[in-house]
Structure formats: C-alpha cells, structure tokens
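The values are calculated or read from the model by the stated rules, or taken from the named source; none is laboratory data. Everything quoted here is computed from the prediction, not taken from an experiment. FYI the Cβ positions are ideal-geometry reconstructions off the backbone, even for glycines, and counts take in every protein chain you see. Areas reflect the complete protein model, heavy atoms only, side chains present, ligands, DNA and RNA absent. Shrake-Rupley method; radii C 1.70, N 1.55, O 1.52, S 1.80 Å.
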Amino acid sequence: MAMQLDSCFGSFFLCIFCFAWFLTFPAEAAVRKYQFDIRVKNVSRLCHAKPIVTVNGRFPGPTIYAREGDRVLVKLTNYAKYNISIHWHGLKQFRNGWADGPAYITQCPIKTGHSYTYDFNVTGQRGTLWWHAHILWLRATVYGAIVIMPKEGTMFPFPKPHKETEIILGEWWNSDVETLVNRANKMGLPPPTSDAHTINGKPGSLFPCSLKHTFSMEVEAGKTYLLRIINAALNDELFFTIAGHNMTVVEIDAVYTKPFTTRVILIAPGQTTNVLIKADQPPSRYFMAARPFKDAPVPVDNKTVTAILHYKDIPKTVIPSMPKLPAPNNTNVAMSYNKRLKSLNTPQFPVKVPLKVDRHLFYTIGLGANPCSSCQNGTQLTASLNNITFVMPKVGLLQAHYFNIKGVFKTDFPDQPPVPFNYTGAPLTSNLGTSLGTRLSKVAFNSTVELVLQDTNLLTVESHPFHLHGFNFFVVGSGIGNFNPSKDPARFNLVDPPERNTVGVPAGGWTAIRFRADNPGVWFMHCHLELHTMWGLKMAFVVENGKSPEESIIPPPMDLPPC
C-alpha cells in the first residue's frame, strides 16, 4: 500500500513517520492505538489569523489507519476550553454505542482537562470514512479521515492504484465560529456563511494570501491514483471536478459501487466518495475545484476552492488549467449523478436489501419559527421532523436507556406527520410553530424499517443530507414532489441500490431508505447541515436488545465521561 505524501497535511517528515508507524504493525496485528490531544492553535488563512480547536495541533487532524477486523483505541485528552466529543462517522459500532460519540446522545462530552478512550472494532467494513467533533460547531476545524484497508490478502474490486491520497473538503470562517453562532442564536437568525471552502484545510490560490495555502498532489504520467474524497463542510453540498480528467467512482460511504466514469461528482456533508483518476493528459498542472450545489433560495458560500494536480517535473510557474463546474443550481447534473450510483452486488460483496418491511415510517422535514422574546423579530428560526423540534437532553440518551433513567426522553416519536398537507406545494409562511420534545422512536431488534424522508415547502424547499448513526441503509428510491405510497414503491430499486450512511433528500422531493435494525442501542439520525441540526432537525431510534447477550448492548466503559 502506498499513499500520496501530500495527504498527511503535515510536514514531509511527519508524514513519513505516520506512514512508517502504520506499517510497523504486522499484517495480523489487531490493535491500532492513537492519541488525540484537543488543543487550541493559531492558524492563518485568507489574511486572517485566529485560534482554532485542533487535534494534535493539526488542521485537518490526523488520519486513522486500520484494517478490516482491527480494534482501534483512540485516547482523547481535552486541553481546550470547550467540552468535546468525537464521532467516528460511518462506523457501525455494533452493540457499542459508547464509542459512537455524539454529545448527549451516546455520551456526555469530555470536559476540559479530562480524557476518554474510544474503543471500537472495525467489523465488516473497509474503505473511506471520517471522524469529526460532534458538539457545538467544533467540527468546523476538528475532523480527519479514516482509511480502512481490506483484510490481508483481499484485493480491491478495481485496478490497484499506484498511490492514493485523501481529499477533505471543508469550510473556513475568518471569525471565531462559536462567537458567530452564539450571536446568531441570540438574534434567532442563521450565522453568516463561511468565507471560503477548503481542500485539506487550504482554500487555494484563487483567494487572497493563499498561494502557500494551496494543496498540491504530484502525479506521474500514465499512473492511476485513488482519491478518497470526504465532504467535511458544515453546510454545503459540493460539486467536485478535475480539469481535463475523468474520474471513475468505485466507492461511496465505504461501500463498493458499480464503477462509472464522470467529469464531476456531487458529495453532501458527511458523505465520502472514492474515485480513480488516470494521469493520461498532457503533462502540466490542473486545478481540482469544488463549489456548492444549491438549488434553493438560501445563502451559501458560492466561491470556488481549488487544489492542484501537478504532473511530475512540470515547473510550478505553469498556470494550472481551470475546470468547468456545473452551475450552482444545476439540479439535472445532481440528479443524473445520484441515479448512476449503484451497489457492486457481487458474490463477494452482496446486497442484502430488506424485501419484507416490518415498519413503515414517513418523516416530513420542515423549517419553522417559534416565539422568542429576546430575538430580533420576536421569533427564532427552527427546524423539525414531523413537526417536532428535537430538544437535546442534559444526560446521554444511551445512559438513560441502558440504566433506565426516567424522565430523560419519551419513546412516542410519531411514525407519520401529525397533519397531512401538500408538502411541496406553494410556500407555507403561516402556522410555522413546532412542538418541542426529546422524543425517540422505539424499534424492535432485527426488524426491518422503511423510512421515507419528505422535504416540505415550509418557508422554502431545501436539500437535506441525512445521516443515520449505527447503520448503513439502502437508498431504494428518490423523487421530486410528494411521495406517492401507491405508485412510487413500484419503482424502488431492490436489486442493487446504493448503500450509504448519509443520503441527500432533494429540494422539494423525497428519499426512501431501508435498513435492518440489528444494532441495539440509541442511534442518532439528523440532517448533516450543522445549521439545521442546531435548529432541531434531528431525532433518535431506540433499538431494543435481542434475546441473547450477543444481541444486546455491551456494558459501558469505566472511563465513560460523567454528565
């Protein structure tokens, strides 16, 4: 296995150290140990310097390397002024919600001066995932890649690349993010959009003071490279392309796909996409570029972030070629790309779509406004599922469930919206109030669930990327307009649908997913737009234990952070 040195986001020698450290484990090694120190560090971007929260002083943070079947131990020590927790996005954490990480869902946060060891197994998964802070808006700077190699002796189901590198798409604010968010909350309004997007923490040479803050990847003519692309942005779906080069999509959310070639990919916050590129163009320098996809009337940071694909021995004085990105509102490109995503579905990597459904759920996604005496207009913008704005508890929900602590949550989250209406008709601007509550949905162990997520035109339609913790799911259908339960299921793909942990619900449309509830615990489901999560666009499932200890939640670790 070889890795592009630029993917380490640190000095050359630090990268060599990281890679050599990984290779010092013998093939049969089962334990990978990491130390994550949460520290504040001054970082400069776009002519602005500010203190940011980092892991080990790095932005982005270190990559977690493991192999399918390994045990991973990450000891986190918090030296920052904020409470912290880390979510290992996409790892299923079977029976082990204690290591999942969302604050006040599966754990209470790690306080300043304290430590907690995340202890989890990588079972039945291989590919690209990622980790990020799961409290406040700290994932603006606290994030990094997870690279899971296949079991020893198991090959990729695609040509072996010459090298590989991680491409992490993020966002940058010149001002302190938590200050902006707190100020916006007091006014009942959204905070300002970011000042730039980033690739591996760097905004690229199209921005001021950013010539040295441009990620560059060297390639050799004729060689094939694997890019592990992660969207760590807080609030934007992104188009990504490389001037002059095709990309072959081979994996999404750590699940192999039927390969297909494309000039542009669409990637929502929380999603990962692996692509192969061949250095088959005239040796030169080429921009990699990304900018938001947004087909709704909401503000976005619409500037273009760039990195450079640099052919070996080409002088740095050569001006890179610029790719053509789709228009930000090009829904046709977005929909046609998503329709091409299909699971590999081979004997080695079969697709196990639930064909019989035990539980049908229908959740409407809405924006709203609730009274707020201290806010600018006397109201505070909010968001809801089935008209319920989720209220975060003061005790971890998993602890409350495991230890049967009363009064923390109810298990009466409705399977349907309280009042049916024309969900995607004319914009609705009255009766925008929502109900507040910590309401969960209880699901029987090993039952099969079909969930239709329906966008609504409450205030406005908008695309929403939803992430389900603890599970992968199959995206069996999607469409524009209102879901029709008598017609649309006939068009579901139950043969080779894409398998994901995060899926986009199209603006003014719906998405249907299916999964088997075979992982006992309390599992968060939320929009991965940080703004909407903050506004309450979230809920959780309580998956009951099965009949045996092997189908039940494991006991909590001794060092679980107290509430």
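Here are the criteria: (1) in contact (Cβ under 8 Å) with a residue 12 or more places away in the chain; (2) among the hydrophobic types (A, V, I, L, M, F, W, C); (3) part of a loop (DSSP other than H, G, I, E, B). Tell me which single one V503 does not satisfy.
Every listed condition holds for V503 apart from (3).
Give I265, I242, I277 a once-over and let me know the one that is modelled with pLDDT of 95 or more, open to solvent by less than 20 Å² (accessible area, probe 1.4 Å) and either within 21 Å of the chain's Cα centre (by Cα) or not assigned by the TED database to the domain that holds L189 (or both).
I265
T214: within 19 Å of the chain's Cα centre (by Cα) and either farther than 27 Å from I86 by Cα or open to solvent by 10 Å² or more (accessible area, probe 1.4 Å) (or both), yes or no?
Here the answer is no, as T214 does not meet what is asked.
Which residue pairs have Cβ atoms closer than 7 Å, lie 6 or more positions apart in sequence or on different chains, and pair a first residue in the range 257-272 that is closer than 15 Å to P498 by Cα with a second residue that is of a type outside the set (D, E, K, R) and surrounded by fewer than 17 Cβ atoms within 10 Å (Cβ to Cβ)?
none
Please go through the range 380-407 and pick out each residue that is open to solvent by 60 Å² or more (accessible area, probe 1.4 Å) and part of a strand (DSSP E or B).
Q380
Does A290 meet the test of being of a type in the set (A, V, I, L, M) and surrounded by 24 or more Cβ atoms within 10 Å (Cβ to Cβ)?
It is true that A290 is of a type in the set (A, V, I, L, M) and surrounded by 24 or more Cβ atoms within 10 Å (Cβ to Cβ).
Among the residues in the range 18-27, are any open to solvent by 70 Å² or more (accessible area, probe 1.4 Å) and modelled with pLDDT of 95 or more?
No - not one qualifying residue is present in the range 18-27.
Take V249 and decide whether it is touching an Asp or Glu at 6+ places or on another chain (Cβ under 9 Å) and either open to solvent by less than 40 Å² (accessible area, probe 1.4 Å) or assigned by the TED database to the domain that holds H467 (or both).
no
Please pick out the residue among N431, N422, N482 that is in a loop (DSSP other than H, G, I, E, B), without any contact (Cβ under 8 Å) to a residue 60 or more places away in the chain and open to solvent by 20 Å² or more (accessible area, probe 1.4 Å).
N431
Can you tell which of L468, L459 is open to solvent by 10 Å² or more (accessible area, probe 1.4 Å), of a type in the set (A, V, I, L, M) and assigned by the TED database to the domain that holds H528?
L459
Please enumerate the residues belonging to the range 217-239 that are among the aliphatic types (A, V, I, L, M) and either open to solvent by less than 20 Å² (accessible area, probe 1.4 Å) or not assigned by the TED database to the domain that holds N330 (or both).
Scanning the range 217-239 gives M217, V219, L226, L227, I229, I230, A232, A233, L234, L238.
For residues that are out of contact with any Leu (no Cβ under 7 Å at 6 or more places or on another chain) and polar (S, T, N, Q), scanning just the range 150-179, find the one that is nearest to V122 (Cα to Cα).
The extreme case among them is T154.
Among (1) farther than 27 Å from G508 by Cβ; (2) touching a Phe, Trp or Tyr at 6+ places or on another chain (Cβ under 6 Å), where does F445 come up short?
Among (1) farther than 27 Å from G508 by Cβ; (2) touching a Phe, Trp or Tyr at 6+ places or on another chain (Cβ under 6 Å), F445 violates only (2).
Among the residues of the range 241-261, which ones are closer than 25 Å to P328 by Cβ and aromatic (F, W, Y)?
Of everything in the range 241-261, just one residue is closer than 25 Å to P328 by Cβ and aromatic (F, W, Y), namely F260.
Looking at the range 72-159, what strands (runs of 3 or more DSSP E) fall wholly within it and have at least 2 residues that are within 18 Å of the chain's Cα centre (by Cα)?
86-89, 127-133, 143-149
Return the residues of the range 513-551 that are polar (S, T, N, Q), assigned to a loop (DSSP other than H, G, I, E, B), within 29 Å of P497 (Cα to Cα) and open to solvent by 10 Å² or more (accessible area, probe 1.4 Å); say none if nothing qualifies.
Scanning the range 513-551 gives a single hit, N545.
What are the residues in the range 40-55 that are polar (S, T, N, Q), touching a strand residue (DSSP E or B) at 6+ places or on another chain (Cβ under 7 Å) and either in contact (Cβ under 8 Å) with a residue 60 or more places away in the chain or surrounded by 16 or more Cβ atoms within 10 Å (Cβ to Cβ) (or both), if any?
T54
Is at least one residue of the range 342-361 under 30 Å from M187 (Cα atoms) and of a type in the set (S, T, N, Q)?
No.
Which numbered condition in (1) charged (D, E, K, R); (2) surrounded by fewer than 21 Cβ atoms within 10 Å (Cβ to Cβ); (3) under 15 Å from W88 (Cβ atoms) is the only one that R139 fails?
Of everything listed in (1) charged (D, E, K, R); (2) surrounded by fewer than 21 Cβ atoms within 10 Å (Cβ to Cβ); (3) under 15 Å from W88 (Cβ atoms), R139 misses just condition (2).
Count, please, the residues in the range 228-238 that happen to be outside any loop (DSSP other than H, G, I, E, B) and either of a type in the set (K, R) or within 15 Å of A145 (Cβ to Cβ) (or both).
So the answer is 4.
Here is a check on your reading of the model: is V443 among the aliphatic types (A, V, I, L, M), within 26 Å of the chain's Cα centre (by Cα) and under 23 Å from P485 (Cβ atoms)?
yes
State which residue pairs qualify: first residue in a loop (DSSP other than H, G, I, E, B) and inside the range 206-227, second residue of a type in the set (S, T, N, Q) and surrounded by 15 or more Cβ atoms within 10 Å (Cβ to Cβ) in any location, beta carbons under 6 Å apart, and separation of 6 or more residues or different chains.
From the range 206-227, the pairs are L206/T306; L211/S205; T214/S205; F215/N200.
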